[in-house]
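Participant: Just passing along the structure, written as structure tokens.
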Amino acid sequence: MSPPLFEIDALHVAVEDKQIVNGLTLTLRPGEVHAIMGPNGSGKSTLANSLMGHPRYTINGGDVRLDGESVVELAPDERARLGLFLAFQYPTDIPGVSMINFLRRAMSARRGEEIPVREFRQVLNEVLGRLQMDEQFVRRYVNDGFSGGEKKRAEILQLGLLEPKVAVMDETDSGLDIDALRIVSEGINTFHSDDNAILLITHYQRILRYVQPDHVHVLIDGRIVESGDASLAERLERDGYEPFMARAKEEVLTS
Amino acid sequence: MTTATLDTSADAEIKPDELRAQVSALSRAKDEPDWLLAFRLASLEQALGMEWWTGQEESWRRTPRERLPRRARVTDFRAAAHSANGRLTRVPQHVFAPHAHAGLIHKYHGDIVATDIAEQAESDGVIIQPLSEAAVAHPNLVQRWLGAVGQPLDRYDALGRAIWTQGVFIYAPPGVVVDDSLFYLVTQDTSAGDHWHYTLVVADRESQVSLIDAGDADDRRVQLEEAPLVHASVELMAEDGAHLQFASVQRWHRQTAALSTTRGRVGRDASIRVTTAAFGADLDKQRIDMDMSHNGGFAEMRGLFVGDGNQHIEHVTRQHHKGVGASSDLLIRGVLTDESQAVQYGLIRIEPEGQKTNAHQTMRNLLLDDGAGADPIPMLEIEADDVKCSHAAAVGPVDPDQLFYLQARGIPPTIAERMVVRGFLAEIADGVPDEHMRDVIDELVEIQLEPARSNP
């Protein structure tokens, strides 16, 4: 078995003194797709944001390692340059900053050197084409006035351009109609290779029809309460989160 | 960067007879016609009949008193050091020199060092000329519109009409559409002291014209013994159906006390769009006053600034509606670093007859340092009952979610902040009607942010 690419080790995260993630452990190896599924309030977005280092989230226990190196002390931009990526659930709009300027800066930062204009254009056009996005799209301001579907596509565009080692996808499927979901899923699949790993965080099972997970984990109250293969997602679809939530409650009471 | 504020015990007593004599001499030296001298002297009498500001007035309450001198000093450029031998030896190109233009005037110190007009514009009858010369060449036009915007707002405004040494007249004849912008470039003579500018822009019926007014200093590094006062009176006249754009970019010497009075009169179904960008000066107080007396007029007032050191940047605006169905929109965006301070005092006034008015104002201030501050004060005085008005004011740091988003893509925090700030201002700069000028503004934003953010 290849060495771990991304390790979440007994992670604890608090938001404004409220403990949200309570000892979450997960290991991603190169080439793997993991799905974390959980109901509202289970800590999905807290997990995603804390992995990327959002200042509002405090990691107060455990560790996160990329390629064996701890990243919890690193700033978000340092994590990103090492190859960690977060596809935002709600991408922030930045009026006045054009997508094209932003994308070029981001790519140059990821590479550690200024990317030549010609090469940038080439790569950009290729990924735009793959995502069926118009070239005019990148003339617009970052996420400003984008529809829900456009925002998610823009996230996948960045995923394709930045080629991270580990991509954390925070509810990338939510709010998408079936056509957009298909395009976004294809974008994820095209990006996916034997060298990188994907952590899909989702509420619904829907996206997993398009992006096949190797492992599925159920997140309740900031803990993984069950792990399995793709069939676990089907079970969730059938039975819902209720049985897992009842069990999690029981475990807390007896522990 | 911090700039030492001078002790401006520089208020000066007004000596009426001395001033009258100086104004007469000035007018004669410029070979002005008698009616223009009469206009100057009448304005001077108005000024003498007014009082200086005391700081009690609502629109002056937040202006630091010791930093804006109360004086009326007629600058004698002939006596200034640069032209000791009566001639300029070398004139550097103005930093704002345009790539393309329909016409331009460059005033270096008191002298006109460049003047040009495009063939098309000239044959269309477009005028861009020093005001004194225009008064001789086109007396009917100048006389008709000079001061026609209304009575002076206060003593500075009245003085501006009396003791100006640098004047320019812009005119677009009826129906003429001027594609490229006209440029008025001014280089501040830091050795000469006070500057009084007078700019008159007339867009005659159904014409379209844009003027870019750009001010720079001859020497930005020199330490001055006294803070100079730079006053600009700007009168913008858009006749019925005309569209007038005015953009002003100022980068005066850092010790300057800059005061401008920009007044617009918007004709029926006409529009005036004003964009101002403030970078230089120790204190910059801009007054923008829009007279919306005619039906269906539209006015847009946009201001951007980047303050650093302990700059004081102030906007006092009025959207005065009397016409039916007119619209006006004020949008001010500023970035403040170090100890710099901003004030925005914006009034929307709608008279009883101003029905169906659409008037809005937005003031947004980004504070990048703890010592910086901003005080936006939107005011509404509405006497009509069928209007749409809104106002919004904000003061705060850069949105942490925007910074996080950029950082999450590998962009270091200092660069991320710079990007957000430039983006924030770009929305205003985009209103400037000349691409090269937009780039210049973007560069100035960058320069202004640079020394201010010495601690990454």
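Participant: Among the residues of segment A:105-152, write down those that are more than 12 Å from every other protein chain (Cβ to nearest Cβ), out of contact with any Ser or Thr (no Cβ under 8 Å at 6 or more places or on another chain) and either small (G, A, S) or touching a residue at least 60 places away in the same chain (Cβ under 8 Å) (or both).
Facilitator: A:G129, A:G145, A:S147, A:G148, A:G149
Participant: Shifting gears a bit: Determine whether segment A:67-88 contains at least one residue that is buried (at least 21 other Cβ atoms within 10 Å of the Cβ), in a strand (DSSP E or B), over 15 Å from the mean Cα position of the chain (by Cα) and of a type in the set (A, V, I, L, M).
Facilitator: no
Participant: Let me ask something else. Looking at the structure I just gave you, is B:D180 under 22 Å from the mean Cα position of the chain (by Cα) and either crowded, with 24+ Cβ neighbours inside 10 Å or closer than 30 Å to B:E13 by Cβ (or both)?
Facilitator: No: the conditions fail for B:D180.
Participant: Answer yes or no as to whether A:F102 is surrounded by 19 or more Cβ atoms within 10 Å (Cβ to Cβ), at pLDDT 95 or above and under 20 Å from B:R422 (Cα atoms).
Facilitator: Against the criterion (surrounded by 19 or more Cβ atoms within 10 Å (Cβ to Cβ), at pLDDT 95 or above and under 20 Å from B:R422 (Cα atoms)), A:F102 qualifies.
Participant: If A:D63 meets every condition in (1) surrounded by fewer than 22 Cβ atoms within 10 Å (Cβ to Cβ); (2) touching a residue at least 24 places away in the same chain (Cβ under 8 Å); (3) within 14 Å of chain B (Cβ to nearest Cβ) apart from one, which number is that one?
Facilitator: Status for A:D63: all satisfied but (3).
Participant: Further question on the same structure: Any residue at all in segment A:240-252 that is in contact with a Phe, Trp or Tyr (Cβ under 7 Å, 6 or more places away or on another chain) and β-branched (V, I, T)?
Facilitator: No: segment A:240-252 contains no residue that is in contact with a Phe, Trp or Tyr (Cβ under 7 Å, 6 or more places away or on another chain) and β-branched (V, I, T).
Participant: Sort out which residues of segment B:198-248 are among the charged types (D, E, K, R), over 22 Å from B:G297 (Cα atoms) and outside any strand (DSSP E or B), and write them in order of number.
Facilitator: Residues satisfying the conditions are B:D218, B:D219, B:R220, B:R221, B:E225, B:E226.
Participant: Can you list the helices (runs of 4 or more DSSP H) lying wholly within segment A:154-255 that have 2 or more residues being in contact with a helix residue (DSSP H, G or I) (Cβ under 8 Å, 6 or more places away or on another chain)?
Facilitator: In segment A:154-255, the matching helices (runs of 4 or more DSSP H) lie at A:178-191, A:230-239.
Participant: Now for a different question. Mind listing just one residue for me: the one in segment B:421-433 that is in contact (Cβ under 8 Å) with a residue 24 or more places away in the chain and among the hydrophobic types (A, V, I, L, M, F, W, C) and, of those, farthest from the other protein chains (Cβ to nearest Cβ)?
Facilitator: Taking the candidates together, the pick is B:V432.
Participant: Is it true that some residue in segment B:344-359 is outside any helix (DSSP H, G or I), at pLDDT 95 or above, within 14 Å of chain A (Cβ to nearest Cβ) and crowded, with 20+ Cβ neighbours inside 10 Å?
Facilitator: no
Participant: Quick check on B:A384: is it away from chain A (no Cβ under 14 Å), more than 27 Å from the chain's Cα centre (by Cα) and either under 27 Å from A:L74 (Cα atoms) or aliphatic (A, V, I, L, M) (or both)?
Facilitator: yes
Participant: Collect the residues in segment A:47-60 that are over 17 Å from A:V166 (Cα atoms) and away from chain B (no Cβ under 14 Å), keeping them in residue-number order.
Facilitator: A:T58, A:I59, A:N60
Participant: Looking at (1) farther than 20 Å from B:G423 by Cβ; (2) facing chain B (nearest Cβ under 9 Å); (3) not hydroxyl-bearing (S, T, Y), find the lone condition where A:P76 falls short.
Facilitator: Every condition holds for A:P76 apart from (1).
Participant: Take the conditions touching a residue at least 60 places away in the same chain (Cβ under 8 Å) and more than 7 Å from chain A (Cβ to nearest Cβ) and apply them to B:H436. Does it pass?
Facilitator: Yes, satisfied.
The values are calculated or read from the model by the stated rules, or taken from the named source; none is laboratory data. Everything numeric in this text was worked out from a predicted model, so none of it was measured. Glycine gets a Cβ as well: all are built from the backbone with ideal geometry, and neighbour counts include every protein chain shown.
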